[in-house]
Structures are given as C-alpha cells and as structure tokens.
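Everything on this sheet refers to the single structure shown next.
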Amino acid sequence: MDFSDLLIQTLINGILIGGLYGVMTLGFSVIWGVMGVINLAHGEFLMLGAYMAWVLNKQQGWEPFLTLLVILPVMFLLGYVIQIVLINRIIEKPHLIALLVTYGLAIVMASTVKLIYTANPRITTTQFSGYWEFDFGGFVLPVTKTLVLIAALLMMFGLYFFLNRTRFGKSIRAAAQNKEAARMVGIEINKVYAATFGICIALTGAAGMLLSPLGSIHPFMGAAWTLKAFAITAMAGLGNIPGALLGGMMLGLVENLLATFVPTVGSSVGIISSFALLVIVLVTRPQGLFGGLKAPQEIR
C-alpha cells in the first residue's frame, strides 16, 4: 500500500472511531452544560457499560449490540438515583466540591469492579469480529467499527431530536439557559436534572458497550476516557451535539494519523492526542471551535 492509500485508510479509521468518541462525550458535555457539574466519574460510567456488555456477552451469550436493550435502562436508572442521592446535593456548591465528589465516586466505582472482576483486561466478541469487513476499491471498512459508527450516529441524532423537538427536551434547555426563569414557568428543576443525568449516564454506558468489542476493558480505564471527553468538549462547546461529533472525529483522525505515521508514540497516542488538542484549543481559541465553551448555564 503506497502513501496515499495508507493515508486514506488511516482517515477512514479515524472517522469510524470518531463517532464513538462523539457519543462518548455527549454525557459529559450535557451534564456540564445543564448542571454546571464537571463529572470526573464520566469514564467510570463508560467502564460500567463496557463491563455490563462483557458480562451479558460472555456469561449469557448475548450479541454485544443487543445488550443495549439492558444497558440503556439500567444505566439510566443508576444515573437517576445517583443524581437524586448525591449530585443534587452539590450542584449549588463550589465547583471544587463537585470535582472532589465525582472523583471519589470514580475511585469507588473502579475499585468495586476490580474487586468483583479483578484487573485482568476483558473484551467482548461479536459475530462481526475478525474476518467481517467491507472492501471498497482496496480500502477496508471493518463491519464492527462501521456498526459502532452507525449506532453512535443514531444515538446522537436521537438526543438532538429529543432536546430540540420534545417538550421535556425543551425543559432541559430552558433549565440550562436560565434556571430561575424555568422555575417561574413551572419547570421542576430537580426532576429535570435527575432525568438529564440519567439520560447522559445511559448514553455513556451505551458508549461503553460500543467500545467493548474494539479494545480491552479494565477497571481503571476511565481516567483516559474522561480526559478525551474533556478535550472534545473544549472543542465542541457545552452540549453542542454536532460539535461533539466533529470534535470526536477530529480526535479520532489525529490519533490514527499519529499511530500510523509516528509509531514511536506507542500505546500513549490517545493521551498525547487529547492533551495536545486540549492545550492547542484552549490557547488559540478559548471559546472553542464549534460555538465555544460558554457559561455552564448555556447549552446549544
């Protein structure tokens, strides 16, 4: 394969993984945009979704993509309860309190999973793994990654439609833009926050399922994914769904280009890419690339 063909294949791989990065970021971005809470346990919720997919796949024989039927409602319920019991108590507190609480929650979640399943890497297997691939003129589109991209796009479109076309979605946007005005027109802020947190955690858990057939999962994988979500949010702007997709694809492209043409970076390519993009964006364009990092109360 010559240089031009290798470059095109690398760009294809970057776009395929970029959809996963975009949907993975949505929960982090919307929670921050609506409630003003930076959730440092974001990656651990993704890890929980990945482990749920692995358990259902290995112990019950489920096709990983079908595990979404279980993961979405279970993770929604988990997020709803955590918001009512824990997060709702710190929303009005200084940001440092939310950071410490969610960081502590991340440690508890990761340590609990380690106690139950050990720290050995796991991976789910789908019937589309291995030899299943599309071939277009010599360029390869792995079926699993293609399905992951399609599922990610469907979830992102679903959230976009929900926030912009449904009554409850508009209530979430109203609460994000002006909490006091929303209360004055009869919106119950606590219920909106609980439902928002539940929806975002469900999407994050679903992203964990989409990740599980693509690479190994382990209890302490969360921190790297939280960093990626933060970097993409910096590029996209809070709650900006199209921006999250574009930012995710940008990070996916940068990662794949580095991994292909700078092989000495090794397994740290994702961390390097995330830090580099985050620093470049915050230094050159602090408001973000796709609408900007606005005040926590605003959501696009």
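The values are calculated or read from the model by the stated rules, or taken from the named source; none is laboratory data. Quick caveat: nothing in here was measured; it's all calculated off a predicted structure. As a convention, Cβ positions derive from the backbone with ideal geometry for all residues, glycine included, and neighbour counts pool all protein chains shown.
Considering 252, 243, 239, 292, the condition of being closer than 30 Å to residue 55 by Cβ and either at pLDDT below 90 or assigned to a helix (DSSP H, G or I) (or both) is satisfied by 252 alone. Considering 45, 65, the condition of being buried (at least 23 other Cβ atoms within 10 Å of the Cβ) and either assigned to a loop (DSSP other than H, G, I, E, B) or under 17 Å from the mean Cα position of the chain (by Cα) (or both) is satisfied by 45 alone.
When you scan the stretch 90-189 for helices (runs of 4 or more DSSP H) that lie fully inside it, which ones turn up with 1 or more residues that are among the β-branched types (Val, Ile, Thr)?
Where helices (runs of 4 or more DSSP H) fall fully within the stretch 90-189 and carry at least 1 residues being among the β-branched types (Val, Ile, Thr), they are 95-117, 143-165, 167-177.
Being surrounded by 15 or more Cβ atoms within 10 Å (Cβ to Cβ), part of a helix (DSSP H, G or I) and touching a residue at least 24 places away in the same chain (Cβ under 8 Å) is true of residue 223.
Residues are listed down the side, and each one gets a yes or a no for (1) surrounded by 14 or more Cβ atoms within 10 Å (Cβ to Cβ); (2) within 30 Å of residue 61 (Cβ to Cβ); (3) in contact with a helix residue (DSSP H, G or I) (Cβ under 8 Å, 6 or more places away or on another chain):
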| site | (1), (2), (3) |
| --- | --- |
| 95 | no, no, no |
| 99 | yes, no, no |
| 115 | no, yes, no |
| 125 | yes, yes, yes |
| 145 | yes, yes, yes |
| 153 | yes, yes, yes |
| 156 | yes, yes, yes |
| 167 | no, no, no |
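Only one residue in 76, 28, 45 is touching a His at 6+ places or on another chain (Cβ under 6 Å), within 28 Å of residue 97 (Cα to Cα) and touching a residue at least 60 places away in the same chain (Cβ under 8 Å). Which one? Steps first, please.
Numbers: 76 fails: touching a His at 6+ places or on another chain (Cβ under 6 Å); 45 fails: touching a His at 6+ places or on another chain (Cβ under 6 Å).
Residue meeting the stated conditions: 28.
Beta carbons closer than 6 Å, at least 6 apart along the sequence or on distinct chains, pair a first residue in the stretch 86-105 that is among the aromatic types (Phe, Trp, Tyr) with a second that is buried (at least 17 other Cβ atoms within 10 Å of the Cβ) for 103/40.
Every listed requirement among (1) surrounded by 18 or more Cβ atoms within 10 Å (Cβ to Cβ); (2) under 30 Å from residue 147 (Cα atoms); (3) under 21 Å from the mean Cα position of the chain (by Cα); (4) of a type outside the set (Lys, Arg) is met by residue 77 save one, (1).
Looking at the stretch 202-243 only, could you name the residues that are touching a His at 6+ places or on another chain (Cβ under 8 Å) and either within 18 Å of residue 279 (Cβ to Cβ) or among the small types (Gly, Ala, Ser) (or both)?
From the stretch 202-243, those touching a His at 6+ places or on another chain (Cβ under 8 Å) are 204, 222, 225-226, 229; that's our starting set.
If the condition is that a residue be touching a His at 6+ places or on another chain (Cβ under 8 Å) and either within 18 Å of residue 279 (Cβ to Cβ) or among the small types (Gly, Ala, Ser) (or both), then 222, 226, 229 are the ones that fit.
If you scan the stretch 191-216, which residues turn out to be surrounded by 24 or more Cβ atoms within 10 Å (Cβ to Cβ) and touching a Phe, Trp or Tyr at 6+ places or on another chain (Cβ under 7 Å)? Across the stretch 191-216, the qualifying residues are 197, 199, 201, 202, 204, 205, 212. Checking 31, 38, 84 one by one, the residue that is part of a helix (DSSP H, G or I), surrounded by fewer than 24 Cβ atoms within 10 Å (Cβ to Cβ), modelled with pLDDT of 90 or more and out of contact with any Lys or Arg (no Cβ under 7 Å at 6 or more places or on another chain) is 84 and no other.
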